[in-house]
Structures are given as C-alpha cells and as structure tokens.
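Engineer: One structure coming up, written as structure tokens, with questions to follow.
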Amino acid sequence: NGDYRPTLTPLFMFALLPKGYEVLGAGVATMLSNVISFAYFIAVFHRVREKTVLEFPKRLEKIESEHKKSLYSVGIPAAFAIFLFDLVTMVINRLTASYGDIPLAAMGIVLKVERLPLNIGLGVCLGMVPLVAYNYASGDHRRMERFASLARLAILGFSCVCVVLFRLFPEPITGIFMKDPVKNQETVRLGAEFLRGRCLAMPFMLLGYHVVNFMNAVGRGKVSFLLAVIRHLVLIIPLLFIMNALWGLSGLIWAQVAADVLNALIALLIYKRTKTEIIDGRKSTN
C-alpha cells in the first residue's frame, strides 16, 4: 500500500539520528513514508491516465448538496470508527497499566502481533468495497453478493490460520518483539498467555469489519455508524471494565473475545436483513 514506515522507522530511530531522538525519528519516518507514497501514486496515475476515464481536475467543481450528503454519510462513520478503535486501545492500555510494567509491555506486544492479520483482513475488506459498490449501483446484486462472500471467506480463512499459529507458537511469536527474550522471560510468558486468548477474537472481529465495509459500499452509512457504536461503546469498553473488575487481568483478555463474538452475531443479523432488503427492492422494481 506504499507505506514505508516498517523500513524507515527503525532506520531513523536507531541509525540516522542520535540517541534520545527516537520519537523524532519515528515522526520523520512517518512523514517521509507519506511523501514517498504520494509521489508513487502520482507517478502510477500519470502512467495509466491514458487508459482510464480519470484525470486531474483542472478546477474545483462545486459539489451538490445531495452528493455531499452521501459523502458525509459514509465518511463520518468511517472516521468515527477509527477514533473508537484508538479509544479502545487507550482503555486497554490504561487498565493493563494498573497491573505493572510487565503486563503493559506484554499487552503492547500482543496488540502489535494482532495488527498483521487485522491489517490484511482490513485490506481485503477495503478491496471489496468498490467491487460491491459498482455492482450494487448497476443492479447486479447476485455478483455483488459473490464478491462479498469471497471476501468473507478470504478473511475467515486467513484469520483462522493465524489463530492456529498464535495458539501453537505464542512464545516464539511474542519473543520476536523482545531484544533479549531470555532476560525478559516473564514478559514473553505473559504475552504468550494474552495472545492465546485474544487471538480467538480475530475471526469474529474481521467478520464485524466485513459487515461495516459492506454497509459503506451500499451507502448504508447510518448502519455502519450504528455498528461502530455497538462494537466499541456498547460492548467492548463496558465489558473491559466489568470483566476487569470481576476477573482482573484475565478478564481484560477475554473481554475482547466476548465482545467480538456478540458483535459478529449482531453484525451478521443486520447484514442478512440488509441483503434481503436490497434483493427484495430489486425484485419489486423489475
């Protein structure tokens, strides 16, 4: 996707800048990665512009109110969902920090490990959006559903493979993120324990994101907004506090699993209902 941060960040943090400037190095790496990505996409667009109907605007066109409404109805819920995701991470870190530095470090490792299947799954969901949207707009709802089903199978298959790997090899995986895993055995042990539990939420988490992106693709921004609120504000954050109070650190781990299982069930019910409405609407107009 043109993100060069995995390569540039350690280079600027530990090689190019002096000790004590690690945060500045991470910021510079992020800025440069975005500049390089922008230049790359401009170059690609310039190369293929003769083969596409797209072109750089020569002037700013006035957007009609109807189009503004459709943009905001999808864009605002998507932005709000990202904010809520970060809010959940803040709550998890805050609650975990009350148990000490080692559990906090272990949780930080697990959250990083989760990003691999999460980012790949989100990439599949985002790639699904234009395909679903084009076929929805053209009225080919059967093809629309095929694309949605293919994306769903892909993310479920990949996430299940990740769950198996995380359950079988949690210590080696968490140890990758430690400079000296032997010296930090307790952090690796706790991280492995956290990973064994939290990884079970991954298929259900991605199912929820699949439904959210499907709703965005068919212009159901309000439903997407509702799903974001249900997952983060109604389920995850309350369960984090409740299960932390009841079962301590173990409750923090299993709160994510419980919340995402419930959220996936709700999302799939809404998905099924929305899909039925779309198909019935097509039939009634033909």
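Engineer: With N denoting the number of residues in segment 141-248, provide Rg(C-alpha) divided by 2.2 N^0.38 Å, to two decimal places.
Structural biologist: Relative to the 2.2 N^0.38 Å estimate, segment 141-248 comes out at 1.37.
Engineer: Can you list the HN-Hα couplings for segment 266-277, worked out from phi with the Karplus curve (6.51, -1.76, 1.60; θ = phi - 60°), rounded to whole Hz and with x for Gly and Pro?
Structural biologist: Result, rounded to whole Hz: 5, 4, 5, 5, 5, 4, 4, 5, 5, 4, 5, 4.
Engineer: Moving to a separate point now. Ignoring ligands, DNA and RNA, what percent of the accessible area of segment 97-246 is carbon or sulfur (1.4 Å)?
Structural biologist: Of the solvent-accessible surface of segment 97-246, carbon and sulfur hold 69 percent.
Engineer: Roll a 1.4 Å probe over the protein chains and send me the accessible area per residue for segment 1-152 in Å².
Structural biologist: The answer is 69 Å² per residue.
Engineer: Once both axes come from the Cα atoms, what is the angle between helix 101-138 and the longest principal axis of the chain, in degrees from 0 to 90, rounded to 10?
Structural biologist: In the chain, helix 101-138 runs at an angle near 10 degrees to the longest axis.
Engineer: Something else now. Counting only Cα atoms, I'd like the Rg/Rh figure for segment 77-211, Kirkwood definition for Rh.
Structural biologist: 1.08
Engineer: Give the accessible surface of segment 157-206 per residue, rounded to a whole number of Å², with probe radius 1.4 Å and ligands, DNA and RNA excluded.
Structural biologist: That works out to 52 Å² for each residue.
Engineer: With the cut-off at 1.5 for a/c, could you classify the chain from its C-alpha gyration tensor as rounded, prolate or oblate?
Structural biologist: Judged from the Cα gyration tensor, the chain comes out oblate (a/c at least 1.5, b/c at or above a/b).
Engineer: Using alpha-carbon positions, what is the distance between the centroids of segment 109-143 and segment 196-228, in Å?
Structural biologist: If you average the Cα positions of each part, the centres end up 10 Å apart.
Engineer: Pop out the ³J(HN,Hα) list for segment 143-150 in order, Karplus 6.51 cos²θ - 1.76 cosθ + 1.60 with θ = phi - 60°, rounded to Hz; leave Gly and Pro as x.
Structural biologist: Calculated HN-Hα couplings, in order: 5, 4, 5, 5, 5, 5, 5, 4 Hz.
Engineer: At 1.4 Å probe size, with no ligands or nucleic acids counted, give the accessible surface of H46 in Å², nearest ten.
Structural biologist: Accessible area, nearest 10 Å²: 100 Å².
Engineer: Determine the alpha carbon to alpha carbon distance for each of K222/K272; K112/K183; K58/K222 and list only those over 24 Å.
Structural biologist: K58/K222
Engineer: Rounding to the nearest 10 and keeping the result within 0 to 90°, find how far the Cα-based axis of helix 185-198 lies from the longest principal axis of the chain.
Structural biologist: Taking the Cα atoms of the chain, the angle to 185-198 is about 30 degrees.
Engineer: Which longest uninterrupted range of the chain lacks any trypsin sites (Lys or Arg not before Pro) assigned by DSSP to a loop state (not H, G, I, E or B) and surrounded by at most 14 other Cβ atoms within 10 Å?
Structural biologist: The answer is 63-178.
Engineer: Ranked by accessible surface with a 1.4 Å probe, highest first, in what order do F14, F83, F158, F166 come?
Structural biologist: F14, F83, F158, F166
Engineer: Return the loop-located GluC sites (Glu not before Pro) in segment 15-80 (DSSP other than H, G, I, E, B) with at most 15 other Cβ atoms within 10 Å of their own Cβ; answer none if there are none.
Structural biologist: Answer by residue number: E55, E61, E64.
The values are calculated or read from the model by the stated rules, or taken from the named source; none is laboratory data. Computed from a predicted structure; not experimentally measured. Using ideal geometry, Cβ is built from the backbone for each residue, glycine included, and neighbour counts are taken over all protein chains shown. The protein model used for the area step is the full one, side chains on, heavy atoms only, and it has no ligands, DNA or RNA in it. Shrake-Rupley method; radii C 1.70, N 1.55, O 1.52, S 1.80 Å.
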